[in-house]
Amino acid sequence: MSYKNASLKKYLDDLAAKLPVPGGGSAGALTASLGVSLVSMVVNFTIGKPRYARYESELKIVLEKSEKLRKKFLGLVDLDVAAYKSKNIREALNVQFMLARLCFEGIKLCPPLITRGNVNLISDVAVAAILLESAFASAYFNVEINLKSLKDKKLTRGIRKEMAAKQKMIKKIRLEMEEKIGKIIRG
């Protein structure tokens, strides 16, 4: 089953059902795609506004990156389903490790939007970061469970080191954003 072109209702019905797939891995990828979709929305509502004209070229780059990530995340929804069905631990690990890496790239698009994005959509920037952090957390746990099954100590050490560093940075980014956005919203 490919969910890329299926209805959201079909995906959610299957996710809730007593089926082996989709599961938490694909749900994490969908969550990440929602996060970067919000990044794209904020940029789309900012480009062309005179107040933000000086940021237009930078915003177009953010939009290009968020749209590429959105397509990758959507593709990972189906890749995770396929990896789980194949019962190939290394393939499942790769999909989730890729999801984690891409979530890290996605959340880095958010902080500049605090000052360069349409201020009326500042809460959407916060939601985007929260969704990307959540998707990273889901990937983190899925990577861990797959590493446990893999039993490759060298690979496990390297991946855990990278994941821990990314987790620390993602939390830092989200917390700093929460503080800045909170101040803007509260005035």
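The values are calculated or read from the model by the stated rules, or taken from the named source; none is laboratory data. The structure presented is a predicted model; accordingly, all values stated were derived computationally and were not measured. As a convention, Cβ positions derive from the backbone with ideal geometry for all residues, glycine included, and neighbour counts pool all protein chains shown. Accessible surface areas use protein heavy atoms only, side chains included; no ligands, DNA or RNA. Shrake-Rupley method; radii C 1.70, N 1.55, O 1.52, S 1.80 Å.
Probe of 1.4 angstrom, ligands and nucleic acids ignored: what's the accessible area per residue over region 31-97, in square angstrom? Let's see the in-between values first.
On the way: 3630 Å² over 67 residues.
Here the per-residue accessible area is 54 Å².
Mean-square fluctuation check for the chain, GNM, Cα pairs under 10 Å: which of G75, G28, G106 is largest?
Of G75, G28, G106, the Gaussian network model singles out G75 as fluctuating most.
So which of K68/K172; K65/K180; K49/K171; K65/K154; K108/K180 end up more than 26 Å apart, counting from Cα to Cα?
On the way: K68/K172 24 Å; K65/K180 23 Å; K49/K171 31 Å; K65/K154 32 Å; K108/K180 15 Å.
Correct reply: K49/K171; K65/K154.
Can you give the three extents of the C-alpha atoms in the chain along their principal axes, from longest to shortest, in whole Å?
Each principal axis gives a Cα extent; for the chain these are 53, 37, 29 Å.
Ignoring ligands, DNA and RNA, what percent of the accessible area of the chain is carbon or sulfur (1.4 Å)? Mind dumping the intermediate values first?
On the way: 6150 of 10470 Å².
C and S fraction of accessible area: 59 percent.
Just the number please: accessible area per residue for region 117-168, 1.4 Å probe, all protein chains included, in Å².
Numbers: 2860 Å² over 52 residues.
On a per-residue basis, 55 Å².
So for the chain, taking the charge dipole from beta-carbon charges (+1 Lys/Arg, -1 Asp/Glu), which of P112, I145, A53 sits furthest toward the positive end?
Checked the options; the winner is I145.
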